[in-house]
Amino acid sequence: MNNLTSEDLGKQTIRFKRFLMALTTYTLNIIAAYLILQLGLGEIEPTVWWLFVGSTIVINLVFALMFLNHWNLRFRDPSLTALQILVSASWGMILVYGLPEARPLILLFFIPAFSFGMLRLNTQQYVLVAGLCLAEYAGLLFWENFYRPTFRLEFELFLFVLFSAVLLWMAVFGGMVSKIRRELKRKTVQLQHANELITRQSSTDDLTLVYNRRHAIRVLKHFLAIANRFEMPFSVALIDIDHFKQINDEHGHLVGDEVLKEFARRLADSLRETDVLLATTFHPEIQDEDSDVELESFVARYGGEEFLILLPGVDQPHSLSALQRLREAIGIQAFYVPFPLVVRFSAGVAQYQRGETLENLLHRADEALYRAKNLGRDRVEFAE
């Protein structure tokens, strides 16, 4: 119970706020009852009055402890909506019994309590709660019919029928409102999922499931600003699968697609295992001021069989050693697509120079890549 997530704590906060609203309702009802007595609209025995006030304190203290100690999470409905309505109705019956002269006014006190059901209960649950409340009221009238000398059967039956109609109407209407709220919540969740999917698709390559070129360019632009501000080194590598056209020509594009997917997966996995320095090692404050920017190494499909790797916080020696480890990790084990196939790559690496444009940085990395390919492939070259 103590290991609650931030989402669980948020829900608990909402439930406690609803409880505070219910507590306010209890308080207002006590004030209204007191005013009824002061206006001479009814009389109540002191014992019954203090039972009414004392039970208010006990009821709300118990519910407060349940929410604050998270005991409510043991129940099927952690909001305890139905239970709170039933307890409130039983509490209200004390006043219904104690102030028979003002009973039409007292019955109005039940409406705010039942309105809370719109936040949670469906129609069936609402009708069940209303039925239990009416059963309590009917039991009270049955007892009064035999033991209260001033009991007026026709008048009390009229009030009972009228009160029943109001509660049943609230049950049907409240159930409809609750259904609409649940449907809106479901639609909101679906919309959130759709937005997350759109965001993911806008930044992810459909085939390899690594970042796409658009997202890579967007992040690189952020890094240029960060690097200039904090004088943070970072490097960019362009990687090209060696002889990929030959793989497509000899084995078909389906095999080529499998090679791309497996290459991207191994590249990302190997990159996570490298010991490259991250930007936050140099400037921890960057994460606080630019929390929307990924300050980690990442892989993106740059186009065709070309991939881009961002190495934040990494200078020339570290970037070369990191790419050499990646090259060895990729080529050490054959790809099974589904037959074994050895795949290697060439790479060009460029370290960002303060003040240069993104186009120039990528151009230098591209020139280094072509130099690696011209020097025999399966190698890493650093930009001039």
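Only the coordinates and a few stated rules stand behind these numbers; no lab work does. From a predicted model like this one, the values you see are computed outputs, not experimental measurements. Here the Cβ is made from the backbone with ideal geometry for all residues, glycine too, and neighbour counts use every protein chain on show.
Taking a ≥ b ≥ c as the square roots of the eigenvalues of the Cα gyration tensor, segment 213-382 is classed as prolate, since a/c reaches at least 1.5 and a/b is larger than b/c.
Cross-link partners of Lys179 among lysines, defined as those whose alpha carbon lies under 21 angstrom from its own and excluding same-chain residues fewer than eight positions apart: Lys11, Lys187. Remark: the chain carries a charge dipole of roughly 1180 debye about the Cα centre, counting +1 on each Lys and Arg Cβ and -1 on each Asp and Glu Cβ.
With a Förster radius of 45 Å, plug the Cβ-Cβ distance of Gln353 and Val189 into 1/(1 + (r/R0)^6) and report the FRET value to the nearest 0.05. After rounding to 0.05, the efficiency reads 0.45. The order of Asp242, Asp205, going from fewest to most other C-beta atoms within 10 Å of their C-beta, is Asp242, Asp205.
Given their separation in residues at 0.36 nm each and the Cα-Cα distance between them, Lys11 and Ser90 gain 25.7 nm when the chain is fully extended. Taking the number of Cβ atoms within 10 Å of each Cβ as an exposure proxy, the fewest-first ranking of His363, His193 is His193, His363. Per-residue ellipticity at 222 nm computed for the chain from its helices equals -22000 deg cm²/dmol, with DSSP H segments shorter than 4 residues left out and the rest contributing -39,500 (n - 2.57). Per-peptide packing, taken as the mean over residues of other Cβ atoms within 10 Å, places 176-184, 21-29 in the sequence 21-29, 176-184 from highest down. I'd like to verify something in the chain: which complete DSSP H helices, judged by Cα projection on the helix axis, reach 20 Å or more and average at least -0.5 on the Kyte-Doolittle scale? The qualifying helices are 6-38, 46-68, 81-98, 123-147, 153-203, 213-230, 253-273, 316-331. For percent of Cα pairs over 41 Å apart, computed directly from the structure shown, the correct entry in (1) 57; (2) 48; (3) 4 is (2). In straight-distance terms, cross-link reach from Lys373 covers every one of the lysines whose alpha-carbon lies under 19 Å from its own, apart from those fewer than eight places away in the same chain; here that gives Lys245.
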